[in-house]
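The values are calculated or read from the model by the stated rules, or taken from the named source; none is laboratory data. These figures come from a predicted structure and were not determined experimentally. Here the Cβ positions follow ideal geometry from the backbone for every residue, glycine too, while neighbour counts run over all protein chains shown. The area values use the complete protein model at the heavy-atom level, side chains included, leaving out ligands, DNA and RNA. Shrake-Rupley method; radii C 1.70, N 1.55, O 1.52, S 1.80 Å.
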Amino acid sequence: MILLETEALTRAYGGVIAVNKVDFQVESGLITGLIGPNGAGKTTLFNNVTGLDVPSAGKVFFNQKNITGFPAHTICRMGIARTFQNIRLFKELTVVENVMIGRHFKTGKSETKGRFLNAVNSYIHLKAEEEQIYERACDWLDFFEMGSMKNELAKNLPYGRQRELEIARALATDPKLLFLDEPAAGMNPQETDHLMATIRKIRDLGITVVLIEHDMKLVMNICDSITVLNYGQKLAQGTPREIKHNPSVIEAYLGKE
Ligand code: ATP
């Protein structure tokens, strides 16, 4: 079953067409990779399906519902979560507080603009559900094997754990679909291996995952399906094996081994 789909999705910034008539499909329950050279339009596609940006043309469907142009907080409440290329933790808050704030992205009255600040205000003012939210956040930390770190300040975690904490925070919104933007960026090989296992565990919970990644070992190992973008256009879509041997993908991005 297709969970998310774009139809001729296009985003132009002046003369630059960052995403050009892209048809992108995400099958439910799988891990889908989105790869391509720098500037190919991957993050722009993420931004346009998660409500951080509004497409110039084309459509986005989630669960067959047209969500084109919906604001980010509405899309989050519908069950789509994401992480960002650069770390965006509340470094002076504890690990568990960071995950709890994720829940407030879903329940708080946050708007796209100032979303983070509104989420923090929501965290401060909505005390009633706190206990339940705390327990749920602890469950997620146990899932990430980070339970013993819950009272540490986020800034004191090792880099790889900070990146995983961002994923935990996104999962606290209870998404059906999780977008990860370069989750392994800056990780060492051990941290990347840990992340791979974690992403598989997330998929095994029944959560559909889409990830942008330049680490081809990770992409080829964990993705069920891969879409390749190049100059804003879809160059190919297939299994890791098909993509690895696709001559156009080799020429545009992968290079010869
Ligand atoms: P990377 O792998 O380097 O993260 P990417 O595939 O995610 O690259 P995008 O960040 O989506 O690529 O950028 C696609 C193109 O759109 C680039 O040429 C970029 O400069 C341009 N672009 C992206 N956002 C904007 C913006 N807000 N205003 C103008 N141009 C933009």
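Quick grid of which residues meet (1) within 22 Å of Arg11 (Cα to Cα); (2) open to solvent by 60 Å² or more (accessible area, probe 1.4 Å):
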residue	(1), (2)
Ile167	no, no
Leu180	yes, no
Met187	no, no
Arg203	no, no
Gly206	no, no
Asn221	no, yes
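In the set (1) more than 15 Å from Ile80 (Cα to Cα); (2) at pLDDT 95 or above; (3) in contact with a Ser or Thr (Cβ under 7 Å, 6 or more places away or on another chain), the condition left unmet by Thr192 is number (3). Just to verify a result, which residue in region 25-42, among those that are in contact with an Asp or Glu (Cβ under 9 Å, 6 or more places away or on another chain) and buried (at least 22 other Cβ atoms within 10 Å of the Cβ), is nearest to Tyr231 (Cα to Cα)? Only one residue tops the list, namely Lys42. Checking each residue in region 48-73 for being buried (at least 21 other Cβ atoms within 10 Å of the Cβ) and either of a type in the set (Gly, Ala, Ser) or within 8 Å of the ligand (Cβ to nearest atom) (or both) picks out only Gly51. Mind listing whichever residues of region 160-201 are without any contact (Cβ under 8 Å) to a residue 60 or more places away in the chain and outside any helix (DSSP H, G or I)? Of everything in region 160-201, those that are without any contact (Cβ under 8 Å) to a residue 60 or more places away in the chain and outside any helix (DSSP H, G or I) turn out to be Ala184, Gly186, Met187, Asn188.
In region 74-100, the qualifying residues are those that are closer than 18 Å to Lys42 by Cα and β-branched (Val, Ile, Thr), and the one that is most open to solvent (accessible area, probe 1.4 Å) is Ile87.
Just checking, how many residues over region 11-47 are more than 15 Å from the ligand (Cβ to nearest atom) and touching a helix residue (DSSP H, G or I) at 6+ places or on another chain (Cβ under 6 Å)? Matching residues across region 11-47 total 1. Within region 71-91, one or more residues are free of Cβ contacts under 8 Å to residues at least 12 places away in the same chain and closer than 27 Å to Ser122 by Cβ.
Residue-wise test of (1) within 16 Å of the ligand (Cβ to nearest atom); (2) within 30 Å of Asp139 (Cβ to Cβ).
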{"residue": "Val209", "(1), (2)": "no, yes"}
{"residue": "Met220", "(1), (2)": "no, no"}
{"residue": "Val228", "(1), (2)": "yes, no"}
{"residue": "His245", "(1), (2)": "no, no"}
{"residue": "Ser248", "(1), (2)": "no, no"}
{"residue": "Tyr253", "(1), (2)": "yes, no"}
